[in-house]
1. Let me have the 222 nm mean residue ellipticity of the chain computed from DSSP H runs of 4+ only, each contributing -39500 (n - 2.57), with the sum over all residues rounded to the nearest 500.
2. Enter the accessible area per residue of the range 12-158 (Å², integer; probe 1.4 Å; all protein chains in place).
3. Cα atoms only, the range 52-201: Rg and Dmax in Å?
4. Would you mind working out the magnitude of the charge dipole of the chain relative to its Cα centre, with +1 at each Lys and Arg C-beta and -1 at each Asp and Glu C-beta, to the nearest 20 Debye?
5. Which value, in Å² rounded to 10, gives the accessible area of residue 92 with a 1.4 Å probe and all protein chains present?
6. Express the carbon and sulfur contribution to the solvent-accessible surface of the range 109-188 as a percent, rounded to the nearest whole number, probe 1.4 angstrom.
7. Find which of 225, 251, 236 sits farthest along the positive direction of the dipole of the range 211-256, computed with +1 on the beta-carbon of Lys and Arg, -1 on that of Asp and Glu, about the Cα centre.
8. How would you classify the range 158-256 from its alpha-carbon gyration tensor, with a ≥ b ≥ c the square roots of the eigenvalues: rounded for a/c under 1.5, else prolate if a/b is greater than b/c, otherwise oblate?
Amino acid sequence: MKKLYRTWRRKRRGMSDTLWSIAVRGCRYAGALPEDDLHRLRKLTEDFIKIKSFEGAAGLDVSDNMRLRIALHACLPILGLGLESYADWVSIVIYPGDFRVQDEYMDEHGIVHREIADLCGQSLTQGPIVLSWDTIMKEDDSPSDHDLVIHECAHKLDISNGAANGYPPLPADMRVSDWARDFHAAYERLCNDLDAGRDTRLDPYAADDPSEFFAVISESFFTTPKLVYEDFPAVYTQLTHYYRQDTLRVMQGMKS
């Protein structure tokens, strides 16, 4: 009962200005947003914290700043989409570090394989997002094109209309055929470059399958948009329409 009461009190009082300022300073894209968009992001983040559950695993005690850090990054992709885009899931499970799962997959010959894998993040089709707090902290210590929370949230957007295939539900003013054409061409080029031994600026993990390509390039869209704009311009255009955000323009407007 005490734990439930503390949760109720925390959700009623909302977040402090101090915690919010710390979280924004730790996120380059959030810090570059215009004031009106930053205000919308804060409201969205507060609402996200109110309706999602944050559960520590393996003895981890989840603090307010941990909830806020995860929630802020989770809300960046839906700043132009709305919280209803995350309506199909509720829970976020946070481990201190990587966690072990039993993976099952079928190869091209129809043979089912089972193996043990250590993961830093996972989005379950009918279940929670699972995250490694250690991975998140390493991202904050050494900012790069990686963002575990955005990656897993992109998977949730992807599977909100069915299988994980890199095709999230598109707004009415976007054409599925255009999305498929541009993403397929970019994915094939990335795979061909890697097969030929050529270096790529986008994380090679994106070549694992189309769903991972969408999740990885979504990370880069919010962390290093110039990379996406220069290396995959057609995909960048599709992402600006889908996410309703021009991330490169935002980042270029950052105060020095």
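The values are calculated or read from the model by the stated rules, or taken from the named source; none is laboratory data. Treat the numbers as computed from the prediction; the structure is a model and nothing was measured. Cβ placement follows ideal geometry from the backbone for every residue including glycine, while neighbour counts extend to all protein chains displayed. Please note that ligands, DNA and RNA were not included when accessible areas were found on the heavy atoms of the full protein model with its side chains. Shrake-Rupley method; radii C 1.70, N 1.55, O 1.52, S 1.80 Å.
1. -16000 deg cm²/dmol
2. 51
3. 17.3, 48
4. Details: 30 positive and 41 negative charges, 369 e Å.
So the magnitude is around 1780 debye.
5. Surface open to solvent at residue 92 totals about 0 Å².
6. Values: 2130 of 4090 Å².
Taking all protein chains in place, the range 109-188 shows 52 percent carbon and sulfur surface.
7. Of 225, 251, 236, it is 251.
8. Verdict is oblate for the range 158-256.
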